[in-house]
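What follows is calculated from the coordinates using simple rules that are stated; it is not laboratory data. Note that the structure is predicted; figures quoted are calculated from it, not measured. Every residue, glycine as well, gets a Cβ built from its backbone with ideal geometry; the counts of neighbours run over all protein chains shown.
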Amino acid sequence: MKTVERARVKRIVSLGRNLFRLDLHSPQIAGQAWPASFVMARTSEATAPLLCRPFSVYQTTSEGELQILFRVVGQGTANLSRLRPDDEISLTGPLGNGFDLGARKEFILIAGGVGVAPVFMAAKQIVRNGGTRITVMAGAATGEELEPLTAGFAPLGIDCELATDDGSLGHHGLVTDLLKQRLADVSPQRTGILCCGPAPMMAAVAGICEQAGIWCQVSLETMMACGVSACLGCTVAGRGNGKKYLHVCKDGPVFMAGEIEWKTLLT
Amino acid sequence: MENAPDLKTAIAGMTLRNPVMTASGTFGYGEEFAELTNLHRLGAIVTKGISLAPRPGNPPPRVVETASGLLNAIGLENVGVQAFIDAKLPFLKNCGTRVIANILGDRVEEYGELCAILSGVEGVDAIEVNISCPNVKQGGIAFGTDPEAVAAVTKTCKKNSKLPIIIKLSPNVTDITVTARAAEEAGADAISLINTITAMAIDAEKRRPRLANVIGGLSGPAIKPVALRMVWQAAAAVRIPVIGIGGIMTADDALEFIIAGAAAVQVGTASFVNPRAAEEIAAGISAYLERHGLDSVAALRGSLRL
Ligand SMILES: Cc1cc2nc3c(=O)[nH]c(=O)nc-3n(C[C@H](O)[C@H](O)[C@H](O)COP(=O)(O)OP(=O)(O)OC[C@H]3O[C@@H](n4cnc5c(N)ncnc54)[C@H](O)[C@@H]3O)c2cc1C
Ligand SMILES: Cc1cc2nc3c(=O)[nH]c(=O)nc-3n(C[C@H](O)[C@H](O)[C@H](O)COP(=O)(O)O)c2cc1C
Ligand code: FES
């Protein structure tokens, strides 16, 4: 059940330039969150920024802690970066659907930048469920950025294949190069892909999976005014015989890659 | 409480628990907010706009934030009247508050048909008629800006329905008193205003409009002073009740509209920012009345000291 909760800041951790982890005491929402669920956070009590901002749940603890990872891209996220311990913010959540973690025996998890948040939560859940093999492929602009984003996987016993735009860590190039190199070993019957990152990356992964016949789910981002399926603003174009428009906050944020008309998401 | 002020509000032949309703298109069909706020503490829920046939709405992006405002071009996406009755109304019937169905059409006859259909089902307490949404190319715009069209739609709605008819005016006119009077003279039971103000936003880097539809409707705190002025003018021009809408975020905002002459208010964009906004505003109005020794909302209405 979704709730509005006053969340108290426990700590805010700088993970590098413009990149933060915010740890909140938010027991009601943390107690219910699932992989790829998201929260709407009010970043100001004033009228600018006006609307709440959506963030994926990164991690929760049994003590009621809820963590998000965020990159500062505008006023709302800049406000969040200035929060200090014991400050309070309004959160609504958990919202949206989630990754289907029971669909396959083996998963390749693909993350770009802060898109690692829902992917990490999925990895933790898969490990907890047991019996499923996981490979993580993660990319970012630089190693300085990618390193802290992927540090959580090793303690789970999960190896990461890394790619950076500048070649400072792992493969020099795109995370989709890593996927292409692996394709020969991937069994479409056993393996599924879960993916979150920038739209061009997800579109490329979707294209590769479609060609190779691999089951693939993506977690999308669009502009959201409400997060609770009231404004009908968070639309993406659907594809084929499916619905003309899909609503990311209600039908998503997770979709089968084949449901999305990727061309319109990229323009 | 012994001396708790009476928030009951009589409007267009209905009695509301309090004068605070949710605005169309900002509260879904009520169910979306059931877990987040106490629906039975609202004066009424106004539904998302309903048309005869389902509408898919505009291509994305459909929303963008502007300075203290929200610009939208949803394009009146809705499930259509039949799905509303089958899938949405059963919840609303039992939600513990009044239900006002907001309707839209692109022909006068469509408004009439919708009124006839909605009058024949149980669970709808009143109809609010959107004659003003600026988003759809062949949509409401022509009705809301032309007093003759306003009158024609109002008459058709009245003829086809026994329910109270609230005409929701467009702010995209030179003189709001003209369309307000046109609605009153044609038999409207109440008017509500304002709908969103036609507006646009541009990404200078890309030299592209921020909305796929180019033009959208502005809502939120940015439009409140304009809305307040129009409600003040309309309330002075007509005798039927006026429902004030536009940028109401707090109880103080709502009180300003009531002091300007509104009999009731609607809370829109604020519900996105705080899902409990409408409920909290109703409580805030009650606290204000108590603090000022007023025993009802009616005692405050139109009490602006000039
Ligand atoms: C379901 C979902 C989950 C998300 N999870 C995370 C997360 O875990 N970590 C994180 O850092 N970000 C996440 N985002 C994106 C985040 O919501 C935006 O970065 C944030 O709203 C920007 O707010 P701002 O005020 O700082 O920037 P603004 O000034 O609002 O915008 C700055 C730039 O970011 C773009 N932008 C704004 N809002 C969004 C949005 N909702 N989606 C995509 N782009 C946007 C704008 O077009 C603009 O170019 C998520 C978005 C969604 C929809
Ligand atoms: C996303 C969105 C959708 C809306 N949809 C409708 C609608 O379907 N019918 C209607 O009459 N008004 C619609 N409106 C207008 C609101 O009901 C209200 O008149 C307007 O937003 C001004 O109030 P506010 O500033 O409190 O939001 C919509 C507004 C928004 C923001
Ligand atoms: S964000 Fe409002 S409907 Fe999805």
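When the square roots of the Cα gyration tensor eigenvalues are ordered a ≥ b ≥ c, the ratio a/c for the range B:150-306 is 1.5 or more and a/b does not exceed b/c, which makes its shape oblate. Measuring between alpha carbons in the structure, the pairs from B:Lys158/B:Lys224; A:Lys2/A:Lys250; A:Lys250/B:Lys224; B:Lys93/B:Lys162 lying more than 23 angstrom apart are B:Lys158/B:Lys224; A:Lys250/B:Lys224.
Taking amide H as placed 1.01 Å from N in the peptide plane, the amide H of A:His171 sits under 5 Å from that of A:Leu162, A:Ala163, A:Thr164, each at least 5 places away or on another chain. Here the translational diffusion coefficient of chain A follows from Stokes-Einstein with Rh set to the Kirkwood radius across Cα pairs; for 37 °C and 0.692 mPa s it amounts to 176 µm²/s. First check a/c for chain B, with a ≥ b ≥ c the square roots of the eigenvalues of its C-alpha gyration tensor; if it is under 1.5, answer rounded, and if not, answer prolate when a/b is larger than b/c or oblate otherwise. Rounded, because the longest to shortest axis ratio a/c is under 1.5. Taking 13 Å as the straight-line reach from the Cα of A:Lys10, the aspartates and glutamates in range (excluding those fewer than 8 positions away in the same chain) are A:Asp23, A:Glu63, A:Glu65, A:Asp86, A:Asp87, A:Glu88. Close amide-amide hydrogen proximity is noted between B:Val46 and B:Thr22, B:Ile100, each under 5 Å apart and 5 or more residues distant or on a separate chain (H modeled in the peptide plane; Pro and chain starts excluded).
In chain A, excluding the sites themselves, the longest stretch lacking any of the GluC sites (Glu not before Pro) that are in a DSSP loop with at most 13 other Cβ atoms within 10 Å is A:64-267. First check a/c for the protein assembly as shown, with a ≥ b ≥ c the square roots of the eigenvalues of its C-alpha gyration tensor; if it is under 1.5, answer rounded, and if not, answer prolate when a/b is larger than b/c or oblate otherwise. It comes out prolate by the Cα gyration axes. Could you state the number of Å between the C-alpha centres of the range B:178-193 and the range B:66-119? Between the Cα centre of the range B:66-119 and that of the range B:178-193, the gap is 20 Å. Counting only lysines at least 8 places from B:Lys206 when in the same chain, those with an alpha carbon closer than 20 Å to its own are A:Lys263. Using a cutoff of 8 angstrom between alpha carbon atoms and counting only pairs six or more residues apart, the relative contact order for the range A:75-190 works out to 20 percent. Each residue of the range A:178-183 was assigned a 3J(HN,Hα) from its phi angle through the Karplus curve 6.51 cos²θ - 1.76 cosθ + 1.60 (θ = phi - 60°); the sequence is 4, 5, 4, 4, 8, 3 Hz, with glycine and proline shown as x.
The longest part of chain B holding none of the exposed loop trypsin sites (Lys or Arg not before Pro), meaning those outside H, G, I, E and B in DSSP with at most 11 other Cβ atoms within 10 Å, is B:1-136. Computed on chain A, with alpha-carbon pairs under 8 angstrom and 6+ residues apart, the relative contact order is 17 percent. The mean sequence distance of close C-alpha pairs (under 8 Å, at least 6 residues apart), as a share of the length of the range B:101-258, puts its relative contact order at 19 percent.
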